[in-house]
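Data block below; observations after.
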Amino acid sequence: MKFLIFVRDFLEKLEATAKRLEMFAILAELFQQADADEIDKLIYFTQGELLPPFHGINIGMSEKYLLRALAKAGEIDPESIAKQYRVVGDVGGLAEQVIRGRGKGLSVSEVYQSIYEIAQMSGEGSVERKIDSVCRLFSSVSPVEAKYIARFMTGKLRLGAGDATVLEALALSRGDRALRKDLDRAYNITSDLGLVAKTLFESGIEGIRAMSVRMGYPIRPALCERLSSAEEIVEKIGRCSVEVKYDGFRCQVHKSKNDIALFSRNQERTTPMFPEIVEACRNLFGNQEVILEGEALAYNEATGDLLPFQVTSQRRRKHGIEDMAKAFPLKFFVFDLLYLNGEDYTHFGYADRRKKLIELIQKKSPVMEVSQAIETDQPVEIQKFFDASIERGLEGIVAKRLDAPYAAGSRNFNWIKLKRSYKGELSDSVDLVIVGYFAGKGHRAKFGIGTILSAVYDPEEDRFKTVTRIGTGFSEEELVQLKNLLDEIASPEQPHQVDSEIVPDVWVFPKYVITVTADEITRSPNHTAGRDAEGVGYALRFPRVQGFIRTDKSPQDATTVGEIVEMFNLQKRVKME
Ligand code: ATP
């Protein structure tokens, strides 16, 4: 497909609509016209990325360098282009004005290849080489193509078609919505939409069904449902394994014969951050190939005490890793085995996976151990285990159904969390996406942020729906940092993916997730989350932010509308008792 066709007939149309059905139709049409050798690239383009983030390749072009490339291609002096940029306010719009050529009819694959090569350039003189290559690319395309290339390269292409939308459109492009289940599974075990689509194009739905977990491709995490007592847990899943719930970073390890990669909760590569986990795996597994999952947290070497999340979170950084590793050593509590020496373990029941896991990690390692657990069908035993965990300063427990396979990417009652809760407080925190902010009055005005408008995720519609306005709770330093971060992703209008009745002073694209506690969930006509036919949705009462931005969660990992409704119902039940 010609890049011009892709841009003119699809990207321009996608950008112009906020309606889900129209988006599905545009994408489905695009997929019908695409060839097998370009479908992955088309999908990565629509996601605004060169490859899924876990591949570790970024386009990484700052606006500053892009402007230099544009100035060169458009034969304008750098100062005037900077001025023009301040007027236009969007790199895409600017590129469209500056580039005047008719284009050379490049294909999607050719444009992708050029950008890929630019992203790969490194070392001495690479900045100048990059600028020259981007300039050459701009000189080979028409204004409208330049608009999307400029946005794509600076990370500003936001079409609002998330992974759920792409998967739905893929199924529709084959005229069969029922394919969605298999496509979802393939995506959940590989986290790579381009790979899933390419497999569908090359080997059909049979190829999709035959896909299994693969080394180096993070598996999307199985997640916990909530219940409010040990009795309810036993009633729901009977005899179960009850594990300690550790409050640190979820970490998935992929160890092949020669290579080890670590991935975060949202499938980002975090290998360099935790050298002791890498080393422990190398020592423990020798020549074996394994995929494991667990929770990493800081502990006190002298006392053996596990440390709170705030301490562990200091390990998530890019610099000074050696010093941090010394100051805050980690323990890695492994709670699942997903792959071993050529065999996909996600299909096996929990009890079988756990048995093998214990065999595998028998050898004592100072860093790695299997998560602590008991097996029982007695609520009193669960309660005792829960109380003991809380006394140790841990978060609570996770009960697991003994025969359940690993449900990649889904939240269901195979795993049930029970957390400590205080009177007059929601039994669990929620993770919300910031979609806008109000400038604030009084002394807060000096930081430019008074309250933030926050939303939950609706996976059915692939949209974000508001549930609360939060008077932050951030420190002054954090407020300054937050304002800078939010202004970088400010949107001149309400983003298509945001569903809100409330209009903030500044809209922002859904990107940052924060953890919030509240007193309770109430019904509210002001918020769009879970709105019924009468227009009444749900809202959080007296929300408070915990910590800062959750870098291990992407917007689609936020609490969902369905969870808010469930939590509302759970809360009602507790109140009645
Ligand atoms: P979620 O990960 O479910 O979206 P969250 O990040 O807010 O939400 P919780 O819901 O509080 O975390 O708990 C689930 C998380 O608990 C898991 O993602 C995992 O990182 C962590 N965890 C700690 N101990 C265990 C365990 N033994 N088994 C499974 N998960 C555990």
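Can you go through PHE447, PHE438, PHE464 and tell me which one is within 19 Å of the chain's Cα centre (by Cα) and among the aromatic types (Phe, Trp, Tyr)?
Residue meeting the stated conditions: PHE464.
Can you name the number of the only condition in (1) over 26 Å from the mean Cα position of the chain (by Cα); (2) farther than 16 Å from SER241 by Cβ; (3) of a type outside the set (A, V, I, L, M, F, W, C) that GLN383 fails?
Every listed condition holds for GLN383 apart from (2).
Just checking, which of LEU183, LEU193, LEU172 is surrounded by fewer than 21 Cβ atoms within 10 Å (Cβ to Cβ) and of a type in the set (A, V, I, L, M, F, W, C)?
None of the others qualify; the one that does is LEU172.
Provide a single number: the residues in region 469-487 that are outside any helix (DSSP H, G or I) and of a type in the set (Lys, Arg).
1
Checking the structure you have, find out if any residue of region 197-208 is polar (S, T, N, Q), closer than 23 Å to LYS417 by Cβ and buried (at least 21 other Cβ atoms within 10 Å of the Cβ).
No - not one qualifying residue is present in region 197-208.
Being touching a strand residue (DSSP E or B) at 6+ places or on another chain (Cβ under 9 Å), surrounded by 17 or more Cβ atoms within 10 Å (Cβ to Cβ) and closer than 25 Å to PRO308 by Cβ: is that true of SER524 here? Let's see the steps before the verdict.
Numbers: touching a strand residue (DSSP E or B) at 6+ places or on another chain (Cβ under 9 Å): yes; surrounded by 17 or more Cβ atoms within 10 Å (Cβ to Cβ): yes; closer than 25 Å to PRO308 by Cβ: no.
Answer is no for this residue.
Output the residues belonging to region 231-258 that are away from the ligand (no atom under 16 Å from the Cβ) and either crowded, with 22+ Cβ neighbours inside 10 Å or within 25 Å of the chain's Cα centre (by Cα) (or both).
HIS254, LYS255, SER256
If I ask for residues that are more than 24 Å from the chain's Cα centre (by Cα) and not small (Gly, Ala, Ser), which ones from region 401-425 would you list?
The answer is ARG401, LEU402, ASP403, ARG420, TYR422, LYS423, GLU425.
Within region 300-309, identify whether any single residue is modelled with pLDDT under 95 and either in contact with a helix residue (DSSP H, G or I) (Cβ under 6 Å, 6 or more places away or on another chain) or not in a loop (DSSP other than H, G, I, E, B) (or both), and answer yes or no.
Yes, there is a match, as at least one residue in region 300-309 is modelled with pLDDT under 95 and either in contact with a helix residue (DSSP H, G or I) (Cβ under 6 Å, 6 or more places away or on another chain) or not in a loop (DSSP other than H, G, I, E, B) (or both).
Could you check, for region 494-514, whether at least one of its residues is within 16 Å of the ligand (Cβ to nearest atom), more than 22 Å from THR165 (Cβ to Cβ) and assigned to a strand (DSSP E or B)?
yes
Collect the residues in region 236-258 that are over 26 Å from LEU307 (Cβ atoms) and modelled with pLDDT under 95, keeping them in residue-number order.
Residues satisfying the conditions are LYS257, ASN258.
Mind telling me which of the residues ALA261, ALA298, ALA302 ends up being touching a Pro at 6+ places or on another chain (Cβ under 8 Å) and aliphatic (A, V, I, L, M)?
ALA298
Which members of region 106-147 meet the condition of being free of Cβ contacts under 8 Å to residues at least 60 places away in the same chain, assigned to a loop (DSSP other than H, G, I, E, B) and of a type in the set (A, V, I, L, M, F, W, C)?
Listed by number, the list holds a single entry, MET121.
Looking at (1) crowded, with 20+ Cβ neighbours inside 10 Å; (2) more than 16 Å from the ligand (Cβ to nearest atom), which one does THR303 not meet, given that it meets all the others?
THR303 satisfies every listed condition except (1).
Right, ILE277: surrounded by 21 or more Cβ atoms within 10 Å (Cβ to Cβ), closer than 27 Å to SER554 by Cβ and either in contact (Cβ under 8 Å) with a residue 24 or more places away in the chain or within 16 Å of the ligand (Cβ to nearest atom) (or both) or not? Spell out the reasoning first.
Values: surrounded by 21 or more Cβ atoms within 10 Å (Cβ to Cβ): yes; closer than 27 Å to SER554 by Cβ: yes; either in contact (Cβ under 8 Å) with a residue 24 or more places away in the chain or within 16 Å of the ligand (Cβ to nearest atom) (or both): yes.
Considered against the rule, which asks whether it is surrounded by 21 or more Cβ atoms within 10 Å (Cβ to Cβ), closer than 27 Å to SER554 by Cβ and either in contact (Cβ under 8 Å) with a residue 24 or more places away in the chain or within 16 Å of the ligand (Cβ to nearest atom) (or both), ILE277 comes out as yes.
So that you can scan it fast, the table gives a plain yes or no per residue for (1) under 19 Å from ARG220 (Cα atoms); (2) within 15 Å of the ligand (Cβ to nearest atom); (3) part of a loop (DSSP other than H, G, I, E, B):
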{"position": "GLN383", "(1), (2), (3)": "no, no, no"}
{"position": "ALA407", "(1), (2), (3)": "yes, yes, yes"}
{"position": "GLU425", "(1), (2), (3)": "no, yes, yes"}
{"position": "GLY436", "(1), (2), (3)": "no, no, no"}
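I need the full set of residues from region 504-514 which are in contact with a Leu (Cβ under 8 Å, 6 or more places away or on another chain) and surrounded by fewer than 22 Cβ atoms within 10 Å (Cβ to Cβ), in order please.
Of all residues in region 504-514, those in contact with a Leu (Cβ under 8 Å, 6 or more places away or on another chain) come to 504, 506, 508, 512-514.
If the condition is that a residue be in contact with a Leu (Cβ under 8 Å, 6 or more places away or on another chain) and surrounded by fewer than 22 Cβ atoms within 10 Å (Cβ to Cβ), then PRO504, VAL506 are the ones that fit.
Among the residues of region 431-451, what is the count of those that are touching a residue at least 40 places away in the same chain (Cβ under 8 Å) and either in contact with a Phe, Trp or Tyr (Cβ under 8 Å, 6 or more places away or on another chain) or buried (at least 24 other Cβ atoms within 10 Å of the Cβ) (or both)?
6
It is to be established whether one or more residues within region 290-298 are over 28 Å from the mean Cα position of the chain (by Cα) and at negative phi.
Looking for residues that are over 28 Å from the mean Cα position of the chain (by Cα) and at negative phi, one finds none in region 290-298, hence no.
The values are calculated or read from the model by the stated rules, or taken from the named source; none is laboratory data. Just so we're clear, the structure is a prediction, and the values are computed from it rather than from any experiment. Here the Cβ is made from the backbone with ideal geometry for all residues, glycine too, and neighbour counts use every protein chain on show.
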